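Report on one structure; see the data block that follows.
The values are calculated or read from the model by the stated rules, or taken from the named source; none is laboratory data. Keep in mind it's a predicted model, so treat the numbers as computed, not measured. Cβ placement follows ideal geometry from the backbone for every residue including glycine, while neighbour counts extend to all protein chains displayed.
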Amino acid sequence: MDVKSLILFGQKSLNNITDTPRLESELLLSYVLKMGREKVLACFKENVLPADEENFKLLVKKRQSGCPFSYITCHKAFMGLDFFVPEGVLIPRPETEMLVEEAVKMSHGEEKYLLDIGTGTGCIILSFLYYNHKSSGLGIDVSDVAIETAKKNALQFNLSDRVDFVWRDYNELAFDGEFDIVVSNPPYVKKESCKNLYFEPTKALDGGSDGFDFYPGLIRKAYKFLRKEGILIIEIDDGMEQAIRNEMEKTGYKDIEILKDLAGLYRIAEGVK
Ligand code: GLN
């Protein structure tokens, strides 16, 4: 088959799976052919090798089964960086970029020591360190594959000398006033909504019956880990804002702010120790 027919085949096959079937088909073919999308589109009439055609059709089938696009290519763009993301690790979300932007803004280009709880691909801490050259930090996670992935990403962005990643539950950390900034995107999806998750790790998303399970402990522990005037910045779900504010006030945080994302949903909570 030629390039054009394959792209049309992919587009048709992915119609019911995604809002952007044409784009995904083009990108999948570029991935198989190891060529940029523009280059693929420039050779519409050329024939594709049978092995590449077969491979492309297999990937289209995988995508048809609901596998997220990022798990097929093992890549996801976040904060202008190209993150490696294998199956088993949460795919970075565009709305989380706001958390990083907020952390970078609050750091004023100064040297900060940052803790990222539940780091996953490392997308939050690594992009923070990428945009704040003076800072360093620690990322923890309770998933082996996440720690391995985050280390790999640190290496590819040349950040390994400014960040450590360790397998650890935050409840087992013995820090006391060391960190300038604590960030986290904890699991906050309601258990009920996690039933239909077949590809992404439930552990990274399931926040219990109301999605709130992780916050009270996280907010309290982070307070202990932060130095005086240190800042907590966390991702939350819309609808939780009042409960989060209460929890933060109760713990002793001041200057609490809850920010909305571009979709107008409450997404980020921050407070100062
Ligand atoms: N925003 C993510 C989603 O809705 C949830 C991320 C999380 O639980 N931390 O898929």
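Quick one: how many residues across the stretch 211-244 are away from the ligand (no atom under 13 Å from the Cβ) and among the charged types (D, E, K, R)?
Number of matching residues: 7.
Does any residue of the stretch 165-182 turn out to be within 18 Å of the chain's Cα centre (by Cα) and surrounded by fewer than 16 Cβ atoms within 10 Å (Cβ to Cβ)?
Yes, the stretch 165-182 contains a residue that is within 18 Å of the chain's Cα centre (by Cα) and surrounded by fewer than 16 Cβ atoms within 10 Å (Cβ to Cβ).
Report, by residue number, each residue of the stretch 102-127 that is free of Cβ contacts under 8 Å to residues at least 12 places away in the same chain and part of a helix (DSSP H, G or I).
If the condition is that a residue be free of Cβ contacts under 8 Å to residues at least 12 places away in the same chain and part of a helix (DSSP H, G or I), then K105 is the only one that fits.
Can we say E46 is modelled with pLDDT of 95 or more and of a type outside the set (V, I, T)?
no
Considering only residues that are outside any strand (DSSP E or B) and touching a helix residue (DSSP H, G or I) at 6+ places or on another chain (Cβ under 7 Å), look in the stretch 219-232 and name the one that is surrounded by the most Cβ atoms within 10 Å (Cβ to Cβ).
Ranking the qualifying residues of the stretch 219-232, first place goes to I219.
Looking at this structure, is I219 under 18 Å from the mean Cα position of the chain (by Cα) and among the hydrophobic types (A, V, I, L, M, F, W, C)?
Spelling it out, it is not the case that I219 is under 18 Å from the mean Cα position of the chain (by Cα) and among the hydrophobic types (A, V, I, L, M, F, W, C).
Can you tell me which of D237, D261 is farther than 24 Å from G137 by Cβ and surrounded by 13 or more Cβ atoms within 10 Å (Cβ to Cβ)?
The unique qualifying residue is D237.
Given the options R37, R22, name the one that is closer than 24 Å to E97 by Cβ and among the basic types (K, R).
R37
In the set K203, K228, K224, which member is within 25 Å of V145 (Cα to Cα) and in contact (Cβ under 8 Å) with a residue 12 or more places away in the chain?
Just one listed residue meets the conditions, K203.
Condition first: closer than 26 Å to L138 by Cβ, in contact with a helix residue (DSSP H, G or I) (Cβ under 8 Å, 6 or more places away or on another chain) and surrounded by fewer than 17 Cβ atoms within 10 Å (Cβ to Cβ). Now tell me which residues in the stretch 240-255 satisfy that.
G252, the sole residue that qualifies.
Which of the residues that make up the stretch 170-203 are away from the ligand (no atom under 15 Å from the Cβ) and not charged (D, E, K, R)?
N171, L173, A174, F175, G177, F179, I181, V182 - these are the residues of the stretch 170-203 that are away from the ligand (no atom under 15 Å from the Cβ) and not charged (D, E, K, R).
Okay, residues lined up against (1) assigned to a helix (DSSP H, G or I); (2) touching a residue at least 60 places away in the same chain (Cβ under 8 Å); (3) of a type in the set (V, I, T):
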site	(1), (2), (3)
L129	yes, no, no
V145	yes, no, yes
L155	yes, no, no
D164	no, no, no
A174	no, no, no
G177	no, no, no
